[in-house]
Every structure is written in structure tokens, then in C-alpha cells.
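Here the structure comes first, spelled out in C-alpha cells, and everything after it is commentary.
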Amino acid sequence: MIGNKVCFFKSLDSTNSFMKEHLSNYSDGDMICANVQTKGRGRRNNNWISRKGDLHFSFIINNKEKIYSFNVIRMVSNAVCNVLLNYGVDANIKYPNDIVVGNKKITGILIERVIKDDDYFVVGIGINVITKDFDDLNFKATSILLETGDTYDYRDVLMSFINEYNKLLECSDIDLHKNFLKRSVVLGKTIIIENKEYEVTDINYQGLLMLERNGEKTVKQMNEVTLKDYYNES
Ligand code: BTN
């Protein structure tokens, strides 16, 4: 269960960095949320620009059962899509863990595994709630406000995430996977890796991409595929 303890900060460099630096102060399911992040981080060392009124938070999962990080991605992506649906936004998952509306990103997820004394995942999520203008990124970013015309409080969106995530803890792996696949835009698409085209035929329970090229099957790991590799996006 997450969200028994939620700490709100006015400003942090990054909720993920802060949680990792103060790990001993937090236990399984604890959350922190910052109104503003001055050094928000994305995957692959990208920056995450954090705008006031959008939602930036992290929580910790104690990885007692030694689950794959894909299990966390699957759970969190489904929970975020359910939250967005609650606000009238029909979002999909761009493998491995971007949440998109059409081809515009509405949520980014950064999952970091920390093995220090124990084994943890620090899960960081940025949901665009009220931003209307993403400057140079307008062509590839969107928000709840832009999609619906309605302004919401980021704390309500956070509460909705806590509820949706905790509800999914009751769901079977089979159902979580089915929903992840149903929402995954990459299935059936052609992607290019090292100048070769592959069709994505499946995503397995470990999060590996099943690919086919000229009748030959191959498997790729999540970190072998970058978003730039996506081809023919619609
Ligand atoms: C990505 O799309 O590359 C992932 C972006 C993750 C952003 C969130 S905002 C809250 C948490 N703190 C961070 O520094 N990053 C994550």
C-alpha cells in the first residue's frame, strides 16, 4: 500500500534525488511531493522541466519479493492511465513508461532501483496537470488542462493516484499485463534498431519486447530501445 505518509515540499531539486538521499527516513509506500522541482530528472539523464501546478512526486517500494522493475512500470503505468481516465483523459502507454495522449506526452515515469542495506525502487512520476504552454515542446507535450479544458489541483490528482495504485494491488498479474498490452501503442508498430526495421509482436511478463523481422524472431530489452527508435508513430 502507498500513501500512508505523504510529505509535501514547496521546492526540491528532484523528489527522486531527495528520497534517495534520505532513504533511511522513509519506509515502504511513503511519498514525497514537491510544488516545484529545480532539477527534475528524466530517464537517460534527461531533464524534467517542472512547472508549478503540475504534479511531481516520488514514492518508495521495498523490493522484498525481488520483483522485476517491469512489474513496477506495469503497475504504475496502469494506475496513471486510470487516474487520467478519472479526469476524462484517454491515455496510452508508450513503451516502456511514457504516458501519452495521441503522440503527446502527458506523464513521465522514472523508476530507480537502489540497493543499499536493502533493495528498493524509488518511483518518480511527473503528471502535467495545468500547463498550457510547453514552449519548444508544445508539439510533443500535453496536460489534463489542454485535453479537457478543466483546471485541477495537483493534490487531488495525487490522491487519485494513491487510490488507483492501491486498488491495483488487488489485481492479478494476468489482468495487469492484459491492460498494459491493451494500452501499449508500440504493439504492432515497426521500430528501427540499428538501422533495421522490426515489427513489435508482443511484450512479455519481464517487459522484454518480442520482435519479428523477415519471419525471424528476436527479443530486445527495454534499455536497448530508445524513444527515437520509434517509427511510424500515430
Ligand atoms: C521521463 O519521462 O524521462 C521521466 C520523467 C520523470 C519525472 C518525475 S517528476 C518527479 C520525479 N522526480 C524527478 O526528478 N523525476 C521524476
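Among helices (runs of 4 or more DSSP H) entirely within segment 122-212, having at least 3 residues that are within 16 Å of the ligand (Cβ to nearest atom) singles out 154-168.
Of the numbered conditions (1) surrounded by fewer than 18 Cβ atoms within 10 Å (Cβ to Cβ); (2) within 11 Å of the ligand (Cβ to nearest atom); (3) among the polar types (S, T, N, Q), residue 86 fails exactly one; give the number of that condition. For residue 86, the failing item is (2). Taken together, the residues in segment 113-153 that are small (Gly, Ala, Ser) and in contact with an Asp or Glu (Cβ under 8 Å, 6 or more places away or on another chain) amount to 3.
For every residue, the table says whether it meets (1) among the hydroxyl-bearing types (Ser, Thr, Tyr); (2) surrounded by fewer than 18 Cβ atoms within 10 Å (Cβ to Cβ).
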| site | (1), (2) |
| --- | --- |
| 14 | yes, no |
| 36 | no, yes |
| 44 | no, yes |
| 50 | yes, no |
| 81 | no, no |
| 92 | no, no |
| 115 | no, yes |
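Scanning segment 169-188 for residues that are more than 14 Å from residue 205 (Cβ to Cβ) and among the charged types (D, E, K, R) gives 170, 182, 183. The residue of segment 94-113 that is farthest from the ligand (Cβ to nearest atom), among those that are open to solvent by 30 Å² or more (accessible area, probe 1.4 Å) and in a loop (DSSP other than H, G, I, E, B), is 102. Of the residues making up segment 52-79, those that are open to solvent by 60 Å² or more (accessible area, probe 1.4 Å) and either closer than 22 Å to residue 25 by Cα or in contact with a Ser or Thr (Cβ under 6 Å, 6 or more places away or on another chain) (or both) are 64, 65, 66. Of all the numbered requirements in (1) among the charged types (D, E, K, R); (2) open to solvent by less than 80 Å² (accessible area, probe 1.4 Å); (3) within 26 Å of residue 45 (Cα to Cα), residue 224 misses one, and that requirement is (2). For beta carbons closer than 6 Å, sequence separation of 6+ or different chains, a first residue in segment 83-105 that is at pLDDT below 95 and a second that is part of a loop (DSSP other than H, G, I, E, B), the qualifying pairs are 94/185; 95/186; 103/233.
Let's see how each residue does on (1) farther than 25 Å from residue 117 by Cα; (2) β-branched (Val, Ile, Thr); (3) modelled with pLDDT of 95 or more; (4) near the ligand (Cβ under 8 Å from one of its atoms):
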| position | (1), (2), (3), (4) |
| --- | --- |
| 4 | no, no, yes, no |
| 8 | yes, no, yes, no |
| 15 | no, yes, yes, yes |
| 19 | no, no, yes, no |
| 26 | no, no, yes, no |
| 30 | no, no, yes, no |
| 35 | yes, no, yes, no |
| 40 | yes, no, yes, yes |
| 54 | yes, no, yes, no |
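Quick one: is residue 149 more than 21 Å from residue 180 (Cβ to Cβ), touching a residue at least 60 places away in the same chain (Cβ under 8 Å) and exposed (fewer than 15 other Cβ atoms within 10 Å of the Cβ)? So residue 149 does not fit the description; no. When we screen 71, 46, 63 for residues that are under 23 Å from residue 10 (Cα atoms) and not β-branched (Val, Ile, Thr), the only hit is 46. Within segment 16-34, the set of residues being closer than 27 Å to residue 206 by Cβ and either open to solvent by 20 Å² or more (accessible area, probe 1.4 Å) or of a type in the set (Val, Ile, Thr) (or both) comprises 20, 28.
Report whether or not residue 112 is more than 30 Å from residue 208 (Cα to Cα) and in contact (Cβ under 8 Å) with a residue 12 or more places away in the chain. Against the criterion (more than 30 Å from residue 208 (Cα to Cα) and in contact (Cβ under 8 Å) with a residue 12 or more places away in the chain), residue 112 does not qualify.
The values are calculated or read from the model by the stated rules, or taken from the named source; none is laboratory data. This one's a predicted model, so the numbers in the text were calculated from it and none came from an experiment. Ideal geometry is used to build each Cβ from the backbone, glycine not excepted, and the neighbour counts take in all protein chains shown. These accessible areas exclude ligands, DNA and RNA; they are computed on the full protein's heavy atoms, side chains included. Shrake-Rupley method; radii C 1.70, N 1.55, O 1.52, S 1.80 Å.
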